[in-house]
Amino acid sequence: MSGSLAASGLSVRYETPHGAVHALRHVDIEAHPGEVIGIVGESGCGKSTLVTALANLLPANARVDGSISYNGIDLAKLDAHRQRLLRGDEIALVSQDPMTAFNPVLTIGDQLVDFQHHRRDLGRAQKRARIAAMLGRVGIADAERRMRSYPHELSGGMRQRVAIAAALLTDPGLLIADEPTTALDVTMEAQIIHLLRELRRDYNGIIIVVSHHLGVIAELCDRVYVMYAGEVVEGGAVDAIFHDARHPYTQALLACDPARFHERLDRLPTIPGSLPSLAQLPSGCVYAPRCERSFAPCGTIAPPLVTLLGSHVARCHAVTP
Amino acid sequence: MLAYAVKRIGLGLLILVLVMIAMYAAVFLVPGDPATVALGPRATPELKRLLIERMGLDQPVWWQIIEFFRNALTGNLGYDVWSNRPVSTLVLEALPNTLVLGLTALAIALLIGVPLGCLSVMRRGTAADAVIGVLSVGVIAVPSFVVAIYSLLVFAVTLRWLPAIGAGEAGDFASQAKALVMPAAAIALGWIGYIARMVRASMMEVMGEPHIRTARSFGLPEWKIVSKYALRIAIIPTISLVAVGLGSILSSAVFVEAVFARPGIGKLITDAVNTRNYPVVMGTVLIMTAIYVSITIAADLLIARLDPRVRDVFRG
């Protein structure tokens with residue numbers, strides 16, 4: 001089963017002893033079956049909070065406003081039990097670090113059998129057969145032996161393949177890959193991207209890929225949302241974002257991507273300044289203090305989301321349709 | 001793994017030898033003539049000489065130690081100076097009672113302590129967690145002989161539910177079990193608290209690890225995450241604690257056996273020390289040390305069995 005995903009006006013704040021941290025504010029995103037959606041932004045921009053909210057895994061001190069509608073159900077309003085039933089059944093998460101994602105004292109096979117607990121119709125032997133087939137599909141040779149291995153006996157790349165296989169085993173309608181290649185070296189990264197591209201051909205649910213790596217997003221995704229300080233500042237088709245970026249932050253981010261320079265530079269370009277504190281946000285545009293093009297209203301009035309061509313949107317006073 | 005086991009056993013044997021050397025050195029260094037202490041000031045010199053000879057105390061200390069181990073290797077631990085019965089027989093008679101007591105106490109402590117620790121983690125921050133925390137610290141603070149005396153007053157004297165003394169009728173399981181309840185509970189009570197605290201502490205740490213998030217992201221029920229994914233890791237420090245603690249369980253058995261007049265190693269060794277019955281003391285200490293060393297080795301092997309990462313360290 002697969003359906004569309006839409007978050008609208010989604011805000012998440014963490015209640016801490018030092019006050020509330022507004023990790024996510026009025027985020028609107030949507031995704032349809034068969035689409036691969038990218039979420040990009042620098043560390044601390046709210047990418048992880050967004051996917052954690054989508055996967056219903058927010059910690060107890062998180063407060064959610066707005067709605068996350070998946071297949072017509074509002075996930076944010078489900079009780080804890082119903083949320084748990086959706087996890088690992090309809091919604092699967094491939095977590096960030098394959099080194100620590102698996103339990104170190106249980107075999108891969110044992111864990112992957114448990115992860116299929118929603119499939120009450122299958123016996124243990126059938127579940128193991130599904131695992132063996134899926135491990136083969138993600139490019140792991142000698143699947144039977146690997147199922148008897150413990151996580152530390154596998155390389156990082158292999159563990160990330162297992163993590164992807166584990167997520168696919170649950171036949172999710174929504175597959176979230178949180179920084180799937182960040183912990184891997186370049187060769188492994190290329191292999192995992194290749195694997196994800198292969199898999200998307202015969203997968204008809206939604207895939208959400210989170211990365212701070214623009215290259216990963218460009219190679220994998222149909223549409224991309226650019227996040228800054230807990231807000232979506234720009235979103236649209238990959239082509240539109242990479243070739244016709246309108247938000248000054250997206251433009252600056254692209255200008256800083258080392259992969260896009262053809263000649264060697266003495267100094268890599270950077271965006272001056274740093275992220276605003278999520279506990280005390282500026283009253284106007286969150287990017288204004290670092291923005292080259294900021295003008296009168298930017299410091300005081302929060303910019304609206306401007307719809308450009310097609311699905312292209314940007315949250316900026318300087319952008320006109 | 002095998003090489004590791006062999007190494008641990010070799011080290012264990014070395015500990016045995018060192019403990020016995022220390023014991024003999026203690027007898028040699030303690031001031032006063034053991035025969036005079038044992039027989040009283042009015043014993044005849046012939047009688048004293050006879051006793052010294054029977055205990056082998058006329059030989060040099062190093063020779064006594066070599067003789068002791070040479071005999072021990074053939075299963076001969078010497079003879080009780082007073083009854084002339086073999087020490088090995090005395091120990092074998094007393095040992096089952098003490099082992100049953102210690103292991104029952106440990107089983108009770110684990111069966112109650114581990115689930116309490118898990119419950120604390122599942123209900124962390126709630127009233128249940130706080131109550132378990134306060135009770136745990138409370139029972140740790142109460143010495144086992146105090147529990148023994150009070151339970152004796154309540155359950156044996158006032159309520160008359162359980163027998164006050166002894167180990168029950170030989171061959172009658174129900175009567176033996178009844179006699180076991182109070183002494184075992186007296187020892188177990190504090191350990192329930194220890195184990196609950198220990199399990200809670202290491203479990204809290206494990207529950208913050210990323211692989212628990214993975215298990216959650218697959219929607220596994222919380223009880224399964226706690227009992228399978230977290231406990232397998234969190235129980236490891238508890239096993240080390242329990243293995244070391246078994247020594248203290250056996251030594252608290254000495255008091256508890258005294259309170260309940262239960263025949264056992266504790267009673268055997270207290271009586272032997274009081275009557276300067278050195279062969280019995282030496283034989284009992286050897287057996288108890290051997291048991292203690294074996295438990296420690298068994299615990300380490302069990303940890304290696306539970307944690308494949310530890311297993312690989314030993315293999316390599």
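Within a Cβ distance under 14 Å of B:Leu90, other residues only, what is the Lys/Arg minus Asp/Glu net charge?
Net charge around B:Leu90: -1.
To one decimal place, what Kirkwood hydrodynamic radius in Å is obtained for the protein assembly as shown from all pairs of distinct Cα atoms?
Result for the protein assembly as shown, one decimal place: 30.0 Å.
Would you order B:Thr126, A:Thr107 from fewest to most other beta-carbon atoms within 10 Å of each residue's own beta-carbon?
Lowest count first: B:Thr126, A:Thr107.
Where does each of A:Cys285, A:Cys256, B:Cys118 land when they are ranked from fewest to most other beta-carbon atoms within 10 angstrom?
Taking fewest neighbouring Cβ atoms as first place, the list is A:Cys256, B:Cys118, A:Cys285.
Once you wrap a convex hull around the alpha carbon atoms of segment B:137-232, what is its projected area averaged over all directions, in nm²?
If you wrap the Cα atoms of segment B:137-232 in a convex hull and average its projections, you get 8.8 nm².
Which of the lysines could be linked to A:Lys47 by a straight reach, that is with a Cα gap under 29 Å, when you skip same-chain ones fewer than 8 residues away?
A:Lys77
Nearest 5 percent is fine: what portion of the DSSP beta bridges confined to the protein assembly as shown is antiparallel?
60 percent
What are the lysines whose alpha-carbon lies under 22 Å from the alpha-carbon of A:Lys127, with same-chain residues fewer than 8 places away excluded?
The reachable lysines, counting only those whose Cα sits under 22 Å from A:Lys127, are B:Lys224, B:Lys228.
Using a 10 Å cut-off on Cβ atoms, rank the peptides A:25-38, A:42-55 from the highest mean neighbour count down.
The densest-packed peptide leads the list: A:42-55, A:25-38.
If we restrict to alpha carbons, what Rg and Dmax does chain A come to, in Å?
Cα-based Rg and Dmax for chain A come out at 20.4, 67 Å.
Over the Cα atoms of segment B:92-274, compute the convex hull volume and normalise it per residue, giving Å³.
137 Å³
Placing +1 on the Cβ of each Lys and Arg and -1 on the Cβ of each Asp and Glu in segment B:92-274, which of B:Leu103, B:Ala234, B:Ala272 has its Cα farthest towards the positive end of the resulting dipole?
Most positive-ward Cα: B:Ala234.
We did not get these values from a lab; they are worked out from the coordinates using the rules stated. Computed from a prediction, not measured in an experiment: that's the story for all the values here. Reconstructed Cβ throughout: ideal geometry from the backbone, glycine too, with neighbour counts over all protein chains shown.
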